[in-house]
Amino acid sequence: MGKKLSTYRKKRDFDKTAEPRGVTAASSKRLRFVIQKHAATHLHFDFRIEIGGVLKSWAIPKGVSLTPSVKRLAMLTEDHPMAYANFEGIIHEGEYGAGVVMIWDYGSYKNIKTDKDGKPISMKKCFEMGRIEIELKGKKLQGAFALIRFRDEKHWLCIKMRDEHASTKSVVSSRDKSAKSGKTMLQIKRGSS
Ligand code: MN
């Protein structure tokens, strides 16, 4: 909660005024996200978002879709350190997740999930509830996406929410180079060996 709005708030009774309470520092602050294309045993995309100082991570076999009617399976994996967002290169044979890792997209996100009164819900709470709604500002991806838990702890769905950035085109196949280096998967493989 920022001190900046405390004077503004002290002067107002938000049960009585229709003025906005204003977003808290926590929800207006842009946090980091990264999507890494990972050619491991099975090709997948690791979708990672900063929550509570770590990168909460999901493996999305098909990558994200820009089409709101398409639900992409997202399997929750272990938390990764923030520094992992900068990793592009090779995980060598014999190591866990061996294969090429590309920074397919990266940028910042904003938590847009609110309760029915329009109050922001913290990312930590959203994660616990299994309902995350975020607005991405990446090199490739823009706009609102939802991550919705179903069945059990590990199974989630990644869904493009309806906004002006929704589209029927496949961003995964049309934008297949690194958002960081501009390299292809093959160039990353060659460059690191
Ligand atoms: Mn992976």
HN-Hα couplings for region 53-70 via Karplus (6.51, -1.76, 1.60; θ = phi - 60°), in whole Hz with x for Gly/Pro, come out as x, 10, 9, 5, 10, 10, 9, 10, x, 9, x, 6, 10, 8, 9, x, 7, 9
Among GluC sites (Glu not before Pro) in region 133-193, those in a DSSP loop whose Cβ has at most 10 other Cβ atoms within 10 Å are GLU153, GLU164
Where a ≥ b ≥ c are root eigenvalues of the Cα gyration tensor, a/c under 1.5 meaning rounded, otherwise prolate if a/b exceeds b/c and oblate otherwise, region 135-190 counts as oblate
Quick P(r) readout (region 63-166; Cα-Cα; 5 Å bins; whole %) gives 2, 11, 16, 23, 21, 15, 7, 3, 1, 0, 0
Against the 2.2 N^0.38 Å rule of thumb, the C-alpha Rg of region 26-66 sits at a ratio of 1.32
Violations at 25 Å Cα threshold for listed pairs LYS169/LYS189; LYS119/LYS154; LYS37/LYS113; LYS124/LYS160; LYS119/LYS139 -> LYS169/LYS189; LYS119/LYS154; LYS37/LYS113; LYS119/LYS139
Filtered hits (aspartates and glutamates, Cα-Cα < 17 Å from LYS10, offset >= 8 within chain) -> GLU19
Expected vector for region 175-184, Karplus 3J(HN,Hα) from phi with 6.51, -1.76, 1.60 and θ = phi - 60°, integer Hz, x for Gly and Pro, equals 10, 9, 9, 4, 6, 9, 10, x, 7, 7
The chain, convex hull of Cα, quarter of hull surface, nm² -> 12.6
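Taken together, the values in this text are just the output of simple stated rules run on the coordinates, not laboratory data. What you see is a predicted model, and the numbers here were worked out from it, not measured in a lab. Every residue, glycine among them, receives a Cβ derived from its backbone with ideal geometry; neighbour counts consider all protein chains shown.
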